[in-house]
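Written out below as structure tokens is the structure these notes cover.
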Amino acid sequence: MASLQQRNGWFHLHFRYAGKQYAHALKTKERREAEAQRGIVDRQLIRIRNQEVPPPPPGADLPAFLLSCGKVVVDPTPIPQTMTLAELRDRYLQTNANALEAKTLVMAKIHFRHLARHLGERMAVQKFTADLLQKYLADRGKSKGKKGGRISPATIQKEIATLRAAWNMAVRSGVLNGIFPGRFLTYPKTEEKAGFQTMKEIERKLARGGLTDAEVDDLWAGLFLTQADLNEFLEFASTKTQDPHLFPMLAFAAHTGARRSELIRMRIDDVDLEVGTAVIRERKKNRGLRTTRRVPISGFLKSVLQKWLVQHPGGQMLFCWKKGPEAEPTPMHPMMAYEQFRRLVRGSKWDVLKGWHVLRHSFISICAAKNVDQRVLQSWVGHLSAATHKRYTHLVPSVEQSIMTGVFG
């Protein structure tokens, strides 16, 4: 008989017919409505089994046929006999071209590139089995990652998640049947990410020697700046940057915890200097809805933005640049922002900073050390889960030491 499953609040119908498993999105979050549709399918399956009504004709969209009590006959989009991994990839990327973030699409292409390399672009996805995907996990786990290290199990999980998303999209579109076979795969145990550390902590570990390039890279990836470090970095940026828009961007990231992509999307009207707040446009919180969050502006940031707006090149975007005196203002691009950041720090003591995100988790760490309420901090930075927030909200070692001293003297 049919059963219901709920994913992200939406109900999906699952049932077997003629030895095959079927899944169908009901497009409702109301359990009562979903149960009613499940009851219709159950009654139709019983009537077909008892030969009270004729079975569905060949080529019929079976879920639609059952839900309409036999009124829907033929699916206008026939299910192809075979769909290759390349066809599934192209369909997924084309469908989500305007629905997903540009960076997410880039990562999906990378995931499919690794899948195709191990499984083959011409592999029929209908032939995918749990054993085949389990073998992929084993083979992929033997690959070398950055700096010669092993591929992280978390990376392989993301690749399988992309494949699952493409599979489920094809099922919802009616061009593929069945449940994704990767439901009960066994993944290698994932290492917990190392906690964030200050520059002095990392330098002490490096001074002992004996670390591989991958281990050194992981240490610097976990760097966060103390408040003194952050102030020093901003002072450095204010005097060294050759791009007039870059320092205001850095100051905004350092004093609000905004992501690089969020900085690029900001408009001048999103900032209210009189009230002292800014609206940040989000894209991670809800896939189907563009949400925002409001953050307060510090006195330092307010002063920086006031100076920037005086020399702003024009246009709607808060952070933009001009190629020349006569050129139109150009919106920032993620890679452009990254390259300008790296050009600023290259050759200096700040060359160890990997990119914009270090300013985000430095902001969170400094706020945590100042005992900012966790709920307030989460609303400022837009964390989706307590687990994510917990990884960032460590305390500066000196703060932890003062707490321990207060307990034991």
Among helices (runs of 4 or more DSSP H) entirely inside region 147-261, those with 3 or more residues being over 30 Å from residue 125 (Cα atoms) and at pLDDT below 85 are 213-221
Within region 360-382, work out how many residues are in contact (Cβ under 8 Å) with a residue 24 or more places away in the chain and farther than 18 Å from residue 228 by Cα.
4
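Can you name every residue in region 125-157 that is charged (D, E, K, R), on the phi < 0 side of the Ramachandran plot and exposed (fewer than 15 other Cβ atoms within 10 Å of the Cβ)? Outline the logic, then answer.
Narrowing region 125-157 to residues charged (D, E, K, R): 127, 131, 135, 139-140, 142, 144, 146-147, 150.
Then keep just the ones that are on the phi < 0 side of the Ramachandran plot; that gives 127, 131, 135, 139-140, 142, 144, 146, 150.
If the condition is that a residue be charged (D, E, K, R), on the phi < 0 side of the Ramachandran plot and exposed (fewer than 15 other Cβ atoms within 10 Å of the Cβ), then 127, 131, 135, 139, 142, 144, 146, 150 are the ones that fit.
Collect the residues in region 213-232 that are under 25 Å from residue 247 (Cβ atoms) and β-branched (Val, Ile, Thr), keeping them in residue-number order. Even if it seems obvious, please write down each step before you answer.
Keep residues of region 213-232 that are under 25 Å from residue 247 (Cβ atoms), which gives 220-221, 223-232.
Once the filter is applied, which keeps residues that are under 25 Å from residue 247 (Cβ atoms) and β-branched (Val, Ile, Thr), region 213-232 yields only 226.
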Of the conditions (1) without any contact (Cβ under 8 Å) to a residue 40 or more places away in the chain; (2) of a type in the set (Ser, Thr, Tyr); (3) within 30 Å of residue 152 (Cα to Cα), residue 239 satisfies every one except a single condition; which number is it?
(3)
Kindly establish whether residue 11 is surrounded by 12 or more Cβ atoms within 10 Å (Cβ to Cβ), modelled with pLDDT under 85 and outside any loop (DSSP other than H, G, I, E, B).
no
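The values are calculated or read from the model by the stated rules, or taken from the named source; none is laboratory data. Bear in mind the structure is a predicted one, so any value in this text is a computation, not a measurement. Cβ atoms come from the backbone with ideal geometry, glycine included; neighbour counts cover every protein chain shown.
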